[in-house]
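Structure, as structure tokens:
The values are calculated or read from the model by the stated rules, or taken from the named source; none is laboratory data. Quick caveat, the model's predicted, so the values are computed rather than measured. Here the Cβ is made from the backbone with ideal geometry for all residues, glycine too, and neighbour counts use every protein chain on show. Keep in mind that these areas ignore ligands, DNA and RNA; they rest on the heavy atoms of the full protein, side chains included. Shrake-Rupley method; radii C 1.70, N 1.55, O 1.52, S 1.80 Å.
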Amino acid sequence: STKDLNDLATKDFVKTAAIMLMGILIALLFVTRSFWQSIAIEGTLVLAYYAALNIVHWVTSSLLGQDSLTWNTPFFSFIMLIALGVDYTIFLMLKYRDELAAHKDARVGVKASLIKSVAMIGTVVISAAVILGGTFAALIPSGVLTLIQVALVVIVGLVLLVILIPLVLPAVISLTQGKTAE
């Protein structure tokens, strides 16, 4: 019974993840107008998800004495964290596009636009992460292991994304500038 449930959950998770990632990739292609920037953004989101999942697995096994995550923690955590992360990155990319359009000199414009966009969006992203982290932290006292684990994965993932997004995206934009729609 447990094996069947795990097999079903894994199959559903893979299907859902593939659909989500393809849909997000299409949306990112429209926003970034760059294949490589879109791939880098998705890679950053997936990296943050797996890092958060592994950190929470370690925390729950160390502090809560659970050998594994519940069967539905990866599924719900993936949906929440990827959706929140892509929202932040799209917000940053759109602000970058607006700032870039405001500069006349393209070489100066990329660097100045990146710095201004990250500075402006950073405050919004950190504020949103704190609010969402607090909201998900409210699930921890529930005593329901799945809710505790999902809340922890989202909180840890948000912290990782707040660090990764401002570091990775400017680097990727700088590396791929001028290589749009490859």
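The table below lists the values:
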{"item": "Some residue of the stretch 151-160 being in a helix (DSSP H, G or I) and more than 25 Å from residue 57 (Cα to Cα)", "result": "no"}
{"item": "Qualifying position, being within 22 Å of residue 30 (Cα to Cα) and either in contact (Cβ under 8 Å) with a residue 12 or more places away in the chain or over 16 Å from the mean Cα position of the chain (by Cα) (or both), among 102, 138", "result": "102"}
{"item": "Counted residues, the stretch 125-163 - those being within 19 Å of residue 96 (Cα to Cα) and open to solvent by 70 Å² or more (accessible area, probe 1.4 Å)", "result": "2"}
{"item": "Selected residue (only one of 52, 48 is at pLDDT 90 or above, under 13 Å from the mean Cα position of the chain (by Cα) and closer than 12 Å to residue 149 by Cα)", "result": "52"}
